[in-house]
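Below is one structure, written out as structure tokens; comments come after it.
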Amino acid sequence: MKLKAKLRLALGFLFVVILLLGGLGAWYLQKLSQEAQGVLKDNYISLEYARTMRGIIDENSWKSEDFQSFNQALFQQEQNITEPGEGESTRQVRSHFNAFRTTRDSTRIGLINKQLNTIVQLNMQSIFQKNEQVKKTADEIYSYLVFIATFCALIAFSFIINFPRYISEPIQQLTEGLREITRKNYEPRLGVERNDELGEMAKAFNQMAQKLDEYEHSSLARVLFEKRRTETIINQMNDAIIGLDEHNHLLFINSVAATMLGLDAVQIVGRYAPDIALKNDLLRSLLNDEPTAKPLKIFANERESYFSKETFEVTNDEKRLGQVIVLKNITPFHDLDLAKTNFIATISHELKTPISSIKMSLKLLENDRIGELNDEQKLLVTQIQEDSQRLLKITGELLDLSQVETGNLQLNFRNVSASEIVTPAVEALQFFASQKQIDIQVQIPSTLPLVQADSDKTTWVLLNFLSNAIRHSPEKSIIEVEVKPNSKANYLEFSVKDLGKGIDPKYQQRVFERYFQVPSNGQSKAGTGLGLAISKEFIEAQKGNIGVESEIGLGSRFWFQLPTA
Ligand code: ADP
């Protein structure tokens with residue numbers, strides 16, 4: 001049955017109960033009132049007539065109005081005969097009264113009184129009986145009404161107790177079920193025994209929970225499948241990958257990373273990474289946010305391997321979700337680079353001997369003892385000399401670079417004065433400067449502290465600065481070579497300033513990269529692009545700094561700083 005029909009039935013029942021109690025009450029009241037009316041009509045009026053007749057007898061004046069009043073009361077009494085024996089007594093009163101009216105015999109009065117007494121007694125008796133009857137009826141009505149009211153009250157009470165529960169219990173179950181669903185627990189089901197709207201609601205809820213359960217399980221299975229697939233991909237990668245959440249707890253670590261770190265992936269996943277790093281130096285250096293320029297040399301895959309570290313911040317709507325650390329295995333590139341460096345070192349080394357012998361032969365050619373050269377031949381010899389000098393410079397630079405790259409750079413530190421570094425460089429290039437009528441002005445204060453440096457390598461750097469400055473300066477210009485202490489006097493700064501075309505700011509840092517040359521609008525690019533890169537390596541190997549300040553059209557100022565002794 002539908003809930004609506006049940007509600008209607010319950011309220012209808014209460015309505016019928018109210019009607020029944022009201023109707024019964026009204027009916028019983030009506031019945032009581034009728035019985036009371038009966039007493040009034042049947043007996044009380046007769047007593048009144050008898051009292052009127054007795055009053056006239058007691059007055060005993062017997063005027064004609066008294067006869068008339070007596071006759072009228074007797075007539076009314078004759079119309080109201082209700083009790084057995086009352087009719088006989090009334091007839092006796094009538095006959096005695098008629099006889100008294102004609103004879104005035106006073107004995108008749110005594111007989112009338114006697115019969116009136118009988119009438120009064122009969123009516124009094126009847127009143128008493130009827131009163132008893134009314135009382136009995138009232139008691140009966142009371143019992144019936146109490147019984148019916150108790151019965152109805154019990155039913156209504158049971159309604160009051162059961163009906164709200166009947167409605168609210170399934171709603172409560174539904175609310176609880178919905179709460180569980182919001183907690184992602186799709187297990188609970190509601191009872192569907194009922195045939196009403198609440199039963200239908202429970203059925204709909206169960207269907208919904210079932211569907212959600214199926215969806216959750218299917219999407220969970222899909223997510224788990226995708227997770228496993230991603231984990232397999234990450235695990236099979238040659239690079240070491242470590243994932244951290246926003247609170248630095250380890251989310252995942254692939255087998256390469258786990259092997260490299262010497263950790264058991266199963267045991268450490270979910271743990272706070274800095275805690276693990278306390279006992280693991282490599283992980284500590286990986287968690288360190290500072291980017292590492294040099295590749296990390298780690299023993300992995302049963303050999304020394306090289307890894308470059310990259311850190312990716314994982315963010316969503318500007319909220320940090322964690323980070324992924326990737327150690328790229330660059331061992332193959334490193335091996336190739338090493339092969340290239342060795343190749344360059346071998347070639348440049350092998351070239352040095354024939355070039356030196358060419359230079360020697362040229363020197364001999366210049367000598368008159370072998371034979372006088374004509375002007376044309378002299379010019380050719382000069383050109384060959386210049387080219388072989390350039391070749392020697394290039395092979396020298398390549399050799400230096402290979403030394404730097406293989407880590408075989410040998411530095412001979414000693415305490416040197418600034419002029420010990422500057423003078424040989426300036427003297428070596430004075431000739432080339434004068435060819436372009438360039439004036440090299442040197443400023444070295446006499447009271448400078450010594451620096452701790454490899455004088456050959458440092459002079460080489462200054463030579464490189466100076467030869468670049470001469471190459472890029474216009475004719476008849478000035479080059480300033482200056483040495484000064486820095487503000488804290490713990491470094492000496494060597495600088496070479498020219499009035500050349502300057503360097504575009506976007507290239508100013510790149511000039512220190514290997515093989516980099518500033519794009520030159522089709523002009524020939526003499527040189528290798530290695531000089532400044534090697535200079536940087538030489539200076540940094542001596543714990544110094546190197547840099548450039550330049551403005552297009554105004555010139556450049558290359559500088560390096562070395563720690564004082
Ligand atoms: P290179 O052998 O090409 O000179 P370097 O490493 O010495 O190699 O210099 C790199 C590049 O920096 C050069 O190609 C040049 O374009 C630029 N450069 C170096 N010194 C100067 C300078 N004094 N003025 C302008 N450009 C310069």
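The values are calculated or read from the model by the stated rules, or taken from the named source; none is laboratory data. None of the values given here were measured: they were computed from a predicted structure. Glycine gets a Cβ as well: all are built from the backbone with ideal geometry, and neighbour counts include every protein chain shown. All accessible areas refer to the heavy atoms of the entire protein, side chains included, with ligands and DNA or RNA removed. Shrake-Rupley method; radii C 1.70, N 1.55, O 1.52, S 1.80 Å.
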**Study point:** Candidate set from region 350-372 (those that are of a type outside the set (Lys, Arg) and surrounded by 15 or more Cβ atoms within 10 Å (Cβ to Cβ)); member that is farthest from SER305 (Cα to Cα)
**Key:** LEU365
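From the list ALA526, ALA533, which residue is part of a helix (DSSP H, G or I), hydrophobic (A, V, I, L, M, F, W, C), near the ligand (Cβ under 10 Å from one of its atoms) and at pLDDT below 95? Let's see the steps before the verdict.
Working: ALA526 fails: part of a helix (DSSP H, G or I).
Every option except ALA533 fails the conditions.
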Check your understanding: Of all the helices (runs of 4 or more DSSP H) wholly in region 222-325, which have at least 3 residues that are touching a strand residue (DSSP E or B) at 6+ places or on another chain (Cβ under 6 Å), under 30 Å from LEU338 (Cα atoms) and touching a residue at least 40 places away in the same chain (Cβ under 8 Å)?
Key -> 255-261
**Study point:** region 193-217, residues that are open to solvent by less than 60 Å² (accessible area, probe 1.4 Å), at pLDDT 85 or above and touching a helix residue (DSSP H, G or I) at 6+ places or on another chain (Cβ under 7 Å)
**Key:** ALA202, PHE205, ALA209, LEU212
Point to revise | Number of positions in region 536-555 that are open to solvent by less than 40 Å² (accessible area, probe 1.4 Å), closer than 20 Å to GLU397 by Cβ and within 11 Å of the ligand (Cβ to nearest atom) | key: 1
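Could you list all residues from region 401-422 that are within 19 Å of PHE494 (Cβ to Cβ), part of a helix (DSSP H, G or I) and open to solvent by less than 60 Å² (accessible area, probe 1.4 Å)?
First, pick out the residues of region 401-422 that are within 19 Å of PHE494 (Cβ to Cβ): 411-422.
Retained after the next criterion (residues that are part of a helix (DSSP H, G or I)): 418-422.
Scanning region 401-422 gives ALA418, SER419, ILE421, VAL422.
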**Study point:** Per-region count, region 323-349, residues surrounded by fewer than 17 Cβ atoms within 10 Å (Cβ to Cβ) and under 40 Å from the mean Cα position of the chain (by Cα)
**Key:** 1
Practice item. Please tell me if LEU429 is within 16 Å of the ligand (Cβ to nearest atom), within 11 Å of VAL483 (Cβ to Cβ) and touching a residue at least 24 places away in the same chain (Cβ under 8 Å). Key: no
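Restricting to region 66-79, name every residue that is within 30 Å of LYS135 (Cα to Cα) and open to solvent by 20 Å² or more (accessible area, probe 1.4 Å). Outline the logic, then answer.
Narrowing region 66-79 to residues within 30 Å of LYS135 (Cα to Cα): 76-79.
Listed by number, the residues that qualify are GLN76, GLU78, GLN79.
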Check your understanding: Just a yes or no: is a residue in region 449-460 within 11 Å of the ligand (Cβ to nearest atom) and closer than 22 Å to PRO424 by Cα?
Key -> no
Point to revise | So LEU20, is it of a type outside the set (Phe, Trp, Tyr) and more than 60 Å from the chain's Cα centre (by Cα) | key: yes
Check your understanding: Do we find that LEU190 is closer than 30 Å to LYS6 by Cβ, among the aliphatic types (A, V, I, L, M) and crowded, with 16+ Cβ neighbours inside 10 Å in this structure?
Key -> yes
Exercise for review: Could you grab me the full set of residues in region 45-65 that are open to solvent by 40 Å² or more (accessible area, probe 1.4 Å) and over 14 Å from GLN77 (Cβ atoms)?
Suggested key: ASP58, GLU59, ASN60, SER61, LYS63, SER64, GLU65
Point to revise | Residue in region 373-419 that is modelled with the lowest pLDDT, counting only those that are under 28 Å from ALA533 (Cα atoms) and hydroxyl-bearing (Ser, Thr, Tyr) | key: THR406
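Here are LYS497, LYS484: which of them is charged (D, E, K, R), within 13 Å of the ligand (Cβ to nearest atom) and surrounded by 14 or more Cβ atoms within 10 Å (Cβ to Cβ)? First the steps, then the outcome.
Working: LYS484 fails: within 13 Å of the ligand (Cβ to nearest atom).
Among LYS497, LYS484, only LYS497 is charged (D, E, K, R), within 13 Å of the ligand (Cβ to nearest atom) and surrounded by 14 or more Cβ atoms within 10 Å (Cβ to Cβ).
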Review point. Do you know which residues across region 288-315 are over 23 Å from GLU537 (Cβ atoms) and modelled with pLDDT under 85?
Key: ASN288, ASP289, ILE298, PHE299, ALA300, ASN301, GLU302, ARG303, SER305
Exercise for review: Looking only at region 218-228, decide whether some residue is open to solvent by less than 60 Å² (accessible area, probe 1.4 Å) and closer than 13 Å to VAL324 by Cβ.
Suggested key: no
Review point. When you look at PHE558, is it assigned to a strand (DSSP E or B), near the ligand (Cβ under 8 Å from one of its atoms) and of a type in the set (Phe, Trp, Tyr), yes or no?
Key: yes
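Scan region 466-473 and give yes if some residue there is surrounded by fewer than 14 Cβ atoms within 10 Å (Cβ to Cβ) and under 30 Å from ALA345 (Cβ atoms), otherwise no. Lay out the reasoning, then the answer.
Filtering region 466-473 down to residues surrounded by fewer than 14 Cβ atoms within 10 Å (Cβ to Cβ) leaves 471.
Right, trim to under 30 Å from ALA345 (Cβ atoms) and you get 471.
Among the residues of region 466-473, at least one is surrounded by fewer than 14 Cβ atoms within 10 Å (Cβ to Cβ) and under 30 Å from ALA345 (Cβ atoms), which makes the answer yes.
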